[in-house]
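Asker: Please find one structure pasted underneath; my questions will follow.
The values are calculated or read from the model by the stated rules, or taken from the named source; none is laboratory data. Every value quoted in this text rests on a predicted model; they were computed, and no experiment measured them. Neighbour counts are summed over all protein chains in view; Cβ atoms, including those assigned to glycine, are modelled from backbone coordinates with ideal geometry. What goes into the accessible areas is simple: the full protein's heavy atoms, side chains included, and nothing from ligands, DNA or RNA. Shrake-Rupley method; radii C 1.70, N 1.55, O 1.52, S 1.80 Å.
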Amino acid sequence: MIRNLLPYLASVLVLSTNYKIENMKKLIISLFVLSAVIACKKEVQKPVPNVIDSMAQSKEKNAVTTAQNKEAKETTLKQTNDEVLQALKNKDYKTFISLIHPEKGIRFSMYAYVDPKEDKHFSKADFEKYQPTKTLFTWGAHDGSGDPYKATINDYLSQWVFSKDFTASQYSLNKFIGGGNSLNNLPKVYPNNDFTENYIKGTEKYGGMDWKTVRFVFEEFQGKYYLIAVVNDQWTI
């Protein structure tokens, strides 16, 4: 009986062994294919040297362009600032008017604190209209006494805005130099604008408290920077 079963058992064993070998072959082939696919994906994702070089060059080029644009902007603002100062010194109000923002006009603040509702504002057309006249305007109130300050446009520009020769002042861009006990809210009122400062330090005679500064706020319009505000500052009581 057992001898009769031996050939059958041998056949089953061979078949089982063949089945396992076949499955092992399939498994090995599957693993090989999967490894090849993963390797290909890694190769695709890995940038080739030329691509890396190109990306680095593009990044470097953008950085250089940004630096050049910043430098050009700073140069332009310095030139415009000096042009405003020279116009005020020479009482060349025609040039001054040409630097006023065509749409937003110009606002004047007697001290560091800017009050958009109370400070004197002109459209460019109104400023040009009233500049040659003797019309008196109220520009604000004197510190200490609180008395209103009334003057013509020309007198305000020559006696208040340009009360000292600011062409010989210390210059800065978007940085404050002068500062006293008056609240300076320029960054809050003009958060997105560039401003220049022209500072004259005080004298030893008055303990440095007779310092004065004038700040110009600019805004770009059609590729050019125009004045939108003139802010004076000095020591206040």
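Asker: Measure off 7 Å from each Cα along the Cα-to-Cβ vector at His142 and Ser182, then give the distance between these two points in nanometres to one decimal.
Answerer: 1.5 nm
Asker: Here's a follow-up. How much FRET efficiency would the formula 1/(1 + (r/R0)^6) give for Glu220 and Lys164, where r is the Cβ-Cβ distance and R0 is 41 Å, rounded to 0.05?
Answerer: According to the calculation, E is roughly 0.90.
Asker: Determine the per residue accessible area of the range 91-194 with all protein chains present and a 1.4 angstrom probe, expressed in square angstrom.
Answerer: With the other protein chains kept in place, the range 91-194 gives 55 Å² per residue.
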